[in-house]
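The values are calculated or read from the model by the stated rules, or taken from the named source; none is laboratory data. All of these numbers come straight from a predicted model, not from anything done at the bench. FYI the Cβ positions are ideal-geometry reconstructions off the backbone, even for glycines, and counts take in every protein chain you see. Heavy atoms of the whole protein, side chains included, go into the accessibility calculation; ligands, DNA and RNA do not. Shrake-Rupley method; radii C 1.70, N 1.55, O 1.52, S 1.80 Å.
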Amino acid sequence: MELKELLQHFNNGDTLGEDPAVIELMRFYSREAQKITMEINTKYHEPEELAELFSKLIGKPAGEGFGLFPPFYTDFGKNITVGDNVFINSDCKFQDQGGIFIDDGALIGHGVVLATLNHDLDPAKRQQLHPAPIHIGKRVWIGANATITQGVTIGDNAVVAAGAVVNHDVPANAIVGGVPAKLIRMIGESAE
């Protein structure tokens, strides 16, 4: 199996975890991600160098104007797509096997977790993995220490408050917060 086939399994939402060849390939790319993130995280790099290293990590070019403040962590790396003028602040953790798509102008705060995998709830099947993508729209702002779970889409211009746990889709122009995240108000509405 090659990376392209593995990504097809992830992007199709196929349950994974029982095929030893799939597990070994996942571990191979996890080790590659560890090597690249170690390089990103353990010495100073100019912004252009960080963009190059991040592009190597994800296996495709990062968007124009990409910004990253290390440290940054991911356990796969090859299923992340970032648009133009995306900024990722320090100490973010991306579990990207299910696919992470970050659109133009998105801002990701300190310590944000994007988790695209779940394990099976049945203890006999606990090793099985269920991937689902996270989509972050244009000009989204995700506050510090927020967690976005698998299968969530955050609409354009939305704001996720610091510390929120988002387990459902967020409409465009919404401000959400809390655990689990709930609608606070829509952008343009007065705060009361």
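Bridgeable lysines around Lys4 (alpha carbons under 19 Å apart, same-chain partners fewer than 8 residues away excluded): Lys56, Lys60, Lys78. Among the protein heavy atoms of the range 3-101, carbon and sulfur supply 53% of the accessible surface, probe 1.4 Å, non-protein parts ignored.
Leaving out ligands, DNA and RNA, what percent of the accessible area of the range 106-189 is carbon and sulfur, probe 1.4 Å?
Details: 2380 of 4040 Å².
Solvent-exposed carbon and sulfur of the range 106-189 make up 59 percent of the total.
Scaled against the 2.2 N^0.38 Å expected of a compact globular protein of N residues, the Cα radius of gyration of the chain reads 1.03.
Where both bridge residues fall in the range 117-185, DSSP classifies roughly 40% of the beta bridges as antiparallel.
With contributions of -39500 (n - 2.57) from each DSSP H run of at least four residues, the per-residue ellipticity at 222 nm computed over the chain stands at -7500 deg cm²/dmol.
Size of the dipole of the range 121-192 about the Cα centre, Lys and Arg at +1 and Asp and Glu at -1 on the beta carbon, nothing else charged, in debye to 20? Please report the intermediate quantities before stating the final value.
Working: 6 positive and 5 negative charges, 41 e Å.
For this selection, approximately 200 debye.
A simple spin-label model places the labels of Val165 and Leu3 3.4 nm from each other, with each point 7 Å out along Cα-to-Cβ.
In a reduced charge model with +1 at each Lys and Arg Cβ and -1 at each Asp and Glu Cβ, the chain shows a dipole moment near 320 debye about its Cα centre. Label reach from Asp14 (point 7 Å along Cα→C-beta): in the range 107-123, amide nitrogens under 19 Å belong to 116-120.
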